[in-house]
Every structure is written in structure tokens, then in C-alpha cells.
Amino acid sequence: MRTLIAALVMAAGTACANGGPSADAVHAETAGASGQAARGSSTHDWTRFGWNAARTSASLDPTGIDSSNVATLVRRQVTIDGTVDASPIYLHSVTINGAAHDALFVTTSYGKTLAIDAHDGSVLWRFTPPAYGAMAGTYQVTTSTPVSDPDRQSIYAAAPDGLVRKLAVADGHVEWATEITRLPGREKIASPLNVDRGHVIAVTGGYIGDEPPYQGHVAVLDAASGKLLHVWNSLCSDQAVLLEPSSCGASDAATWGRAGAVVDSASGNIFVATGNAPWDGARNWGDAVLELDPLATTLLGNYTPINTETLNETDQDLGSASPVLLGGGLIAQGGKDGHIRLLDWSAMEGTTPHRGGEAAVVSTPSGNAIFTAQAVARIQGATWLFAADFNATAAWKLVGSRLEQVWKNGNAGTSPVLAGGLLYVYDPGGALRVYDPVTGNQRAKLDAGGGHWNSPIVVDGVVALPEGAYASHAATGVLDIYRLP
């Protein structure tokens, strides 16, 4: 994480019974726009970062937007009281303040969570953490995305005070609040929250500079009560408690990838990747890909590159991206060293240390560090992987145990999303680009402001994209809402 400051400067201007993550983690064929409900109908949700618990970032729902009309989308710029260096979520036809609304929900870098009408951009409610005044304008931020409860009556949101809160969709009041770090000034909630099987899953990392002490945590909370059920620590992993960071002899091993905790849809097992730190294959798991059971009580699988010590010494976090479940027991893992490693997870099961042994290694889109989530989908009978970094965007097709690059361009991008048969990639230099996912041909270039890690959602004829970078420490920001004319 130490050299992430350079990227900020640039960007601102599941194991089944038969082994490996399940094929259910990969979508069936991506949905196009034909045969869909009439334009303007509100029937779908986008409940979390990456669309589903597996973080495939590939929606199966019709959107009303296709290659024939995407270039006509009209942008409404909504001013909000903070920067959302993350992604929004969307719930259709929910009751807020006594009336039905299609609503977007966002969390700002200093922990305000807002409900925003998806049609007129009005703020329906806002939650402000009690510690907001002390945090605003400081380094202490979050880049997390909230997640909806399956009942659509509550959402879960993080703040830089180290708390995860359950907020009522109806009016934003707090239903519970639970700390997932003993030292929020060192341990950052950077990644989006996830929900699965009645649990809220949150992860922690560190701040730029990696000032010790801190450790990465995987925290599992009871969604109904907020009780912290279990914590798995990436360092001193033999201690199943929420650590006082100074009590562990090792520091770092952040879990900070854009997708955070990735959940296998069949087993409920949790996959995470960690950043720079010591690795001993026993209790310290720096620069590793890890599989945990649904409560994060047991390590089920593990991997670290053969050069794990070099990665740690040279600040080349393996965990600058999150694991991507490709199905068929395969996982793709990007890194700050400019590589995407293809892992046959059946060879990585168990607590025995697994060092090296990749099925294949390919370059990131530009050969430079990748800090973004990837999208994965079944298209034309094959599994496709889409990725972007701060210098390029690319697509691969999975052929056996190899990733074959199909197309590539020189456009920067954050985390891609597939929706309605189109690939949406935000260029943080100031554009939202829309591609044909198979050919890579650009179908539209929509106006947008500059940003950093922001990424779009596409649902119910709406494209929503926050602008801005948390490093600006701004008290206001912009949410772009695009609709067909």
C-alpha cells in the first residue's frame, strides 16, 4: 500500500465438495436489453458493490439501455455533501419518509450515508456519524460501499470511526452499530460490505504509508442483532478475537481490494486477498489469497506467490485486488506487481502452506499495478474476464486453464460492470466509456467529472456514478445520474 499515493495523484487529475469455488459463482449468459419491461419500469435492485455476493459485477437484469440508445443518455449532476470514492447501490420502490421512491444509497469518505431519489436527485435522508466533526478534512476516511439487507428494509454502512451500522431504509435511523477495529486511526474500512446467509461481512486494512500497528481483519456480524460473531486475523491468525493491534508482533496484511470479501454462492465460503506483511504459512498471511468458512472461523485454503518476501519488501501487494471466482475451481488474482495469477484452487485447499504453483500468469491490462475489481461473466458459452487499471482496459476468455486476451485498449478505467449486454468502465480522467464486451468497440463516451476509485451501477434505466477522489478532502461532491431522454 505504501506506493498507492502515486496512484492517487494520477487518478485524481469457495470450496465445493469436489474442491474449489463453485461454478455458481459465475453468471449465466449476460442479459441484453431485448424482451425487457417497458422503459421506466422499476422492478430491479443493485444491492451491493459487484451486484452479487460473488462480486461478479455482471448483472443479469434487463436495463432498458442498449447499444442503440446508450449514447443518448442525459446526465443530471447532483451535488451532495461529501465525496463518494466508491459505488452507489439502488433499491426500487422502497418506502422512505412515508412515500415510495426508487432510491440510491451512498457513503461519503467521512462516513455520511445518504438516500437519494434516483429520479430528481433530492436527498431523502442522511445519516451523519457522531464523530463526523472530528474526522472531516483529515486522513481518516472510508471508501466503502453500503449493502442492502435482503428484506430491503435496511442497509449496512461503514464509517471511518471503525463502526458498521444498520440503517433503516425508511428514514436512516440507526438500528445497531458495531465496531470492527480497536484502532480506527490505523485500521481503515476501505472495501465494500457484503451480506450472505444472515451475516454482514466486513474487512479492514490500513492507511497510506502503512504506519504500524494494524492488521487485516475479516469480521462477520449477525445481520439481525449486530453481534460480532467472529473475527479472522490475517496476522496472528491463531487469535480468534478482535485484536488490539499492538498485541500482535506483526503488522499490515491489509484486506483492501476494491471487492473486499468475495463469497462463493454455493458454499458461502469467503475469499479474501491480503497486502504486504510477513508470511509464514502458519499464523501470518501477508500477500496471500485465503479461503475461509462462512463464519470466518476456519482457514480452508491458501496461496502465496513464490516470491512473497520480495513482494513484501518492495511494496508489491498481492492484495491490491480481490480474488475473482471464475468457476470450475479457478481463481484469478491481480496484484500491484502488474500480474494476474490464475490459480487452480483444488491445489490450494487445506491449511498446508501453498507457495507458488500458479496455473498461469498474464499481465494486467497495462502491465502496471491493478487496484480495481474485475468483472466475470458467461458470454457465448465461455467465461470472460474484464479488467481495467489506470492505463488500460482489457478482456480475456478462459480457454481450459489459460486466459487468452481477446481485446485491449489504452483507456484507463476503474472497476468494470456488465449490464444489459454492455460493458461500462469509468475513466477517472473524466469519462464513462461503454463498450461492446465481445469486440471491445466503444459504443459511447459519456461526460463525467474526474475521480479515483468510483465505479458505476446500471439498473432500471439508470446509470449512477459518483465523482471525485477522497484525497481531495472535499466537503461536497457530485453524483451523476444518467437517464434516457
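The values are calculated or read from the model by the stated rules, or taken from the named source; none is laboratory data. Owing to the predicted nature of the structure, the values given are computational and were not obtained by experimental measurement. Neighbour counts run over all protein chains shown; Cβ positions are idealised from the backbone, glycine included.
Within the stretch 251-289, restricting attention to residues that are aliphatic (A, V, I, L, M) and touching a Gly at 6+ places or on another chain (Cβ under 7 Å), the residue that is nearest to residue 454 (Cα to Cα) is 259.
Do we have residue 37 as in contact with a Ser or Thr (Cβ under 9 Å, 6 or more places away or on another chain), at pLDDT 95 or above and either in a loop (DSSP other than H, G, I, E, B) or of a type in the set (A, V, I, L, M, F, W, C) (or both) here? If you could, list the steps in order and put the result at the bottom.
Details: in contact with a Ser or Thr (Cβ under 9 Å, 6 or more places away or on another chain): yes; at pLDDT 95 or above: no; either in a loop (DSSP other than H, G, I, E, B) or of a type in the set (A, V, I, L, M, F, W, C) (or both): yes.
No; evaluated as a whole, the condition is false for this residue.
For residue 238, state whether it is in a loop (DSSP other than H, G, I, E, B), under 21 Å from residue 353 (Cβ atoms), out of contact with any strand residue (DSSP E or B) (no Cβ under 7 Å at 6 or more places or on another chain) and of a type in the set (D, E, K, R). Yes. Cβ-Cβ contacts under 7 Å between residues 6 or more apart (or on different chains), taken from a first residue in the stretch 442-459 that is at pLDDT 95 or above to a second residue that is basic (Lys, Arg) and part of a strand (DSSP E or B), are listed as 442/433; 445/433; 446/75; 447/75.
Take the residues in the stretch 340-358 that are of a type in the set (A, V, I, L, M) and within 29 Å of residue 48 (Cβ to Cβ); name whichever of them is surrounded by the fewest Cβ atoms within 10 Å (Cβ to Cβ). Among residues in the stretch 340-358 that are of a type in the set (A, V, I, L, M) and within 29 Å of residue 48 (Cβ to Cβ), the one surrounded by the fewest Cβ atoms within 10 Å (Cβ to Cβ) is 342. Only residues that are over 17 Å from residue 234 (Cβ atoms), over 19 Å from the mean Cα position of the chain (by Cα) and crowded, with 19+ Cβ neighbours inside 10 Å: list them for the stretch 177-216, please. Residues satisfying the conditions are 178, 184. With respect to (1) closer than 22 Å to residue 179 by Cα; (2) in a strand (DSSP E or B); (3) among the hydrophobic types (A, V, I, L, M, F, W, C), the lone exception for residue 325 is condition (1).
Only one of these conditions is not met by residue 327: (1) touching a helix residue (DSSP H, G or I) at 6+ places or on another chain (Cβ under 6 Å); (2) surrounded by fewer than 17 Cβ atoms within 10 Å (Cβ to Cβ). Which number is it? Tallying (1) touching a helix residue (DSSP H, G or I) at 6+ places or on another chain (Cβ under 6 Å); (2) surrounded by fewer than 17 Cβ atoms within 10 Å (Cβ to Cβ), residue 327 fails exactly one: (2). Looking across the stretch 83-97, the residues that are of a type outside the set (A, V, I, L, M), within 17 Å of residue 462 (Cα to Cα) and either in contact with a Gly (Cβ under 6 Å, 6 or more places away or on another chain) or not in a loop (DSSP other than H, G, I, E, B) (or both) come down to 90, 92, 93. In this structure, is residue 110 touching a Phe, Trp or Tyr at 6+ places or on another chain (Cβ under 7 Å) and either at pLDDT 95 or above or buried (at least 20 other Cβ atoms within 10 Å of the Cβ) (or both)? For residue 110, the condition - touching a Phe, Trp or Tyr at 6+ places or on another chain (Cβ under 7 Å) and either at pLDDT 95 or above or buried (at least 20 other Cβ atoms within 10 Å of the Cβ) (or both) - is met.
Return the residues of the stretch 415-431 that are farther than 22 Å from residue 52 by Cα and surrounded by 24 or more Cβ atoms within 10 Å (Cβ to Cβ); say none if nothing qualifies. Of everything in the stretch 415-431, just one residue is farther than 22 Å from residue 52 by Cα and surrounded by 24 or more Cβ atoms within 10 Å (Cβ to Cβ), namely 428.
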